[in-house]
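**Q** To start, I am sharing the structure in question, which I have written as structure tokens.
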Amino acid sequence: MRTSFQFIPPNTNIQFIKRRLIFFMFSAFLVTSSIGLFVFNGLNYGIDFTGGILIEVKTKGDADIAKLRATLSTLNVGAVELQTFGAPDEVLIRVQGQEGDEKAQIAAIALVKAALGDGIEYRRTEFVGPKVSTELFWDGVKAIFAAIIAMLVYIWFRFEWQFGVCAIIALVHDVFSTIGVFSILWMDFDLSEIAAILTIAGYSINDTVVVFDRVRENLRKFKAMPLPELFNRSINETLARTTMTSFTTLLALLALYFLGGEVIRGFCFAMIWGVGIGTFSSICLAVPMLLYLNLPRGQAADRAEEASQQGTV
């Protein structure tokens, strides 16, 4: 007889609720560390947010960064930063934005290309002005806050306000921890990372809603069961779905991270971290926090009964 592989064995009963204080302490450390890193270390903002000229080149053989830096430092185009970009023969050149209009930027790019000489393959050349970069930064911040508020309203209407508060706390935890990782690793942070944070928010809230749905269903089925036991049962019943979804998503992200090229590597890294931390927050933060918000059990059960009846109509 053929049996199917089960990632999580049936009747799993991991005591998540009993370990909630350990999870809370870890998350508090993670969030406070991330805030501290952001305040004191900052982020390595990409050209989308800082403005300037970005040139990606490929050299013949391994790039001599010291020689290239010495060559470009004599051009009088302002601050010039160089770093290897993936392979040893790929270099990312950042040039300070020039005073003047677009012609001044084009002239600076021409100077850089002339100084580098022949034998250089130019893969990307971009320029973002300071005004545009500032607008992009604040638009990204507004997008994140708008997404969080919209998800709070959605959870509030679908469940109770207690569910909404717990979901948003878990969501903010995911966002802050992602920013902290980028700060401590000093990776480029630009619009693609903003897109990753928004995607993480959607992924995390989806995981949380799945567990909340099971909590609401069990509130209707087990009206006399103590809340800690009921919450733990709900988490374990959705554990296989949650972990398998995260695992298959990570497989795709890892393939993109290692094979997709440097352009999307930052986005993929943020998503890999976000999938992991989003799964953790949905299981270990969002549901256990319901114990401390005086969840009106009867009202939640009635809401679950209404949702069940609507689903069968």
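**Q** By the scheme Lys and Arg +1, Asp and Glu -1, what is the net charge of all other residues having a beta-carbon under 13 Å from that of Asn11?
**A** Numbers: positive: Arg233; negative: Glu237.
Taking every other residue near Asn11 into account, the sum is 0.
**Q** Helix 227-237 versus the longest principal axis of the chain: what angle, 0 to 90°, nearest 10, using Cα atoms?
**A** Around 60 degrees separate the two axes.
**Q** How much length, in nm to one decimal, is gained on full extension between Thr84 and Thr243, taken as 0.36 nm per residue of separation minus their Cα-Cα distance?
**A** Values: separation 159, 0.36 × 159 = 57.24 nm, distance 3.59 nm.
Between Thr84 and Thr243, full extension yields 53.6 nm more.
**Q** Now for a different question. How much net charge surrounds Glu56 when only the other residues with a Cβ under 15 Å from the Cβ of Glu56 are counted, with Lys and Arg +1 and Asp and Glu -1?
**A** Net charge in that neighbourhood comes out at -3.
**Q** Between Val210 and Lys58, 0.36 nm times their residue separation minus their Cα-Cα distance comes to what? Intermediate values should be presented prior to the final figure.
**A** Working: separation 152, 0.36 × 152 = 54.72 nm, distance 4.65 nm.
Contour length minus the Cα-Cα distance gives 50.1 nm.
**Q** Expressed as an acute angle from 0 to 90° and rounded to the nearest 10, what is the orientation of the C-alpha long axis of helix 265-281 relative to the principal long axis of the chain?
**A** Helix 265-281 and the main axis of the chain meet at about 20 degrees.
**Q** Please give the calculated 222 nm ellipticity per residue for the chain, where each DSSP H segment of at least 4 residues contributes -39500 (n - 2.57) and the sum is spread over every residue; nearest 500 deg cm²/dmol?
**A** Numbers: 11 runs with 198 residues, N = 313.
Taking each H run of at least 4 residues, the total per residue is -21500 deg cm²/dmol.
**Q** Over the C-alpha atoms of region 163-222, what are the Rg and the largest Cα-to-Cα span, Dmax, in Å?
**A** For region 163-222, the Cα radius of gyration and maximum Cα-Cα distance read 14.9, 49 Å.
**Q** Could you tell me which of Ile55, Leu75, Ala104 has its Cα farthest along the dipole of region 52-128 towards the positive end, charges placed at Cβ (Lys, Arg +1; Asp, Glu -1), taken about the Cα centre?
**A** Comparing the listed Cα positions along the dipole, Leu75 ranks first.
**Q** What is the helix-to-structure angle for 297-312, meaning the angle in degrees between its Cα long axis and the longest Cα principal axis of the chain, kept from 0 to 90 and rounded to the nearest 10?
**A** 80
**Q** Give me the dipole magnitude in Debye, nearest 20, for region 1-101 about the Cα centre, with unit charges on the beta carbon: positive for Lys and Arg, negative for Asp and Glu.
**A** On the way: 9 positive and 9 negative charges, 185 e Å.
Rounded to the nearest 20 debye, it is 880 debye.
**Q** A follow-up question, please. How much length, in nm to one decimal, is gained on full extension between Ala150 and Glu102, taken as 0.36 nm per residue of separation minus their Cα-Cα distance? Walk me through the numbers before you get to the answer.
**A** Numbers: separation 48, 0.36 × 48 = 17.28 nm, distance 3.88 nm.
Length difference between fully extended and current span is 13.4 nm.
**Q** Using the per-residue mean of other Cβ atoms lying within 10 Å as a proxy for protection, in what order, highest first, do the peptides 234-241, 275-282 fall? Display every interim value, and only then the final one.
**A** Numbers: 234-241: 19.2, 275-282: 23.8.
Final packing ranking: 275-282, 234-241.
**Q** Amide H neighbours of Phe85 under 5 Å, at least 5 residues apart or on other chains, H built in the peptide plane: list them.
**A** The list, which skips near neighbours in sequence, is Glu90, Val91, Leu92.
**Q** For region 77-83, just list the computed ³J(HN,Hα) in residue order, Karplus coefficients 6.51, -1.76 and 1.60, θ = phi - 60°, integers in Hz, with x standing in for Gly and Pro.
**A** Running phi through 6.51 cos²θ - 1.76 cosθ + 1.60 with θ = phi - 60° gives 10, x, 5, 10, 10, 10, 7 Hz.
**Q** Here are labelled values, [x] -0.39, -0.49, -0.97; [y] -0.23, -0.30, -0.83; [z] -0.26, -0.35, -0.99, and one is the computed log10 I(q)/I(0) by the Debye sum over Cα atoms at q = 0.07, 0.08, 0.13 Å⁻¹ for what I pasted. Which one?
**A** The listed entry that was calculated here is [x].
**Q** For the chain, with the dipole built from +1 on Lys and Arg beta-carbon atoms and -1 on Asp and Glu ones, taken about the Cα centre, which of Leu251, Pro10, Trp273 lies farthest toward the positive end?
**A** Among Leu251, Pro10, Trp273, the one farthest towards the positive end of the dipole of the chain is Pro10.
**Q** Quote the charge dipole size of the chain about the Cα centre in Debye, to the nearest 20; the model charges only the Cβ of Lys and Arg (+1) and of Asp and Glu (-1).
**A** Values: 26 positive and 29 negative charges, 259 e Å.
It works out to roughly 1240 debye.
Each reported figure results from applying straightforward, stated rules to the coordinates on display, with no laboratory input. The model shown is predicted, which means the values in this text are computed figures rather than measured ones. A quick note on method: Cβ atoms are made from the backbone with ideal geometry, for glycine too, and the neighbour counts reach across all protein chains shown.
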